[in-house]
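Report on one structure; see the data block that follows.
The values are calculated or read from the model by the stated rules, or taken from the named source; none is laboratory data. Since the model is a prediction, treat every value here as computed from it, not as a measurement. Methodologically, a virtual Cβ is constructed for each residue, glycine included, from the backbone with ideal geometry; neighbour enumeration extends over all protein chains shown.
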Amino acid sequence: MGIVALTDVKKHYALGETTVEAVKGVSFSIEKGDFISIAGPSGSGKSTILNMIGLIDSPTKGEVRIDGQAVSGMKDRELTRLRHKVIGFIFQSFNLIPVLTVRENVEFPFLLGRDSRINGERRDYVDFLLEEAGLSGHQKHRPNELSGGQRQRVAIARALVTNPMIVLADEPTANLDSKTGEDILQLMRKINKERDTTFIFSTHDAKIVEMADHVIRLRDGVVVENFRPERN
């Protein structure tokens, strides 16, 4: 059993009087430390699957397990606690808070937890993440004073600040030029290798697929490929 496991997962949405089948019986598992690409064209179901793994959405049928726990029977409070403890999110639109500084944006997930104190140990860890992300000189800047690549680096540091086991990245390079996108990918790969953090990407970026050590391809809500590329 991996750190994430989906078993015959289906997701249906009501669109007026029509039922849309976004995901049609998907099963796969993800191991701890994977750098995985869930790839496919728009409408293939990859964002829906990412939302179910991120406990933002729940399946219509089937089972989702996160860190060995079946999540279907959990109450909202339990889901929130598990999400905060286990999962970090990186979005293509960055989702930073405009009125907060870089440092305050990175610290923000602490304020959402049960223990919202920014103690000395946490300050040191924020300093470490800002340095790792190349943001030490930008701590007091606000998001509108940063480039797209710098904003995505802030988003990565924020996703990692609670030391999650899993980081979900939804099209993280979509709004970046190719050079900046490659730098961002290298940063995430470095964190993945050094900290054994599991990264799960929803993407159609060929660079991410090329770099992944596990690839799941979707089309029309079903898995059409699930493989680990051979490395020379």
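Of the helices (runs of 4 or more DSSP H) lying entirely inside segment 146-224, those carrying at least 3 residues that are basic (Lys, Arg) are 148-160, 178-195. Only one of the numbered conditions (1) under 16 Å from the mean Cα position of the chain (by Cα); (2) farther than 24 Å from VAL222 by Cα is violated by THR101, and that is (1).
The set of residues from segment 100-125 being surrounded by fewer than 17 Cβ atoms within 10 Å (Cβ to Cβ) and either modelled with pLDDT under 85 or among the polar types (S, T, N, Q) (or both) comprises LEU111, LEU112, GLY113, ARG114, ASP115, SER116, ARG117, ILE118, ASN119, GLY120, GLU121, ARG122.
For the criterion of being under 25 Å from THR101 (Cβ atoms), touching a helix residue (DSSP H, G or I) at 6+ places or on another chain (Cβ under 8 Å) and crowded, with 23+ Cβ neighbours inside 10 Å, LEU168 passes. Scanning segment 72-89 for residues that are modelled with pLDDT under 90, farther than 18 Å from ALA5 by Cα and either in a loop (DSSP other than H, G, I, E, B) or within 13 Å of the chain's Cα centre (by Cα) (or both) yields one hit, HIS84.
Residue-wise test of (1) touching a residue at least 40 places away in the same chain (Cβ under 8 Å); (2) closer than 28 Å to LEU55 by Cα; (3) in contact with a Lys or Arg (Cβ under 6 Å, 6 or more places away or on another chain).
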residue: LEU112; (1), (2), (3): no, yes, no
residue: ARG122; (1), (2), (3): no, yes, no
residue: LYS140; (1), (2), (3): no, no, no
residue: ALA159; (1), (2), (3): yes, yes, no
residue: LEU168; (1), (2), (3): yes, yes, no
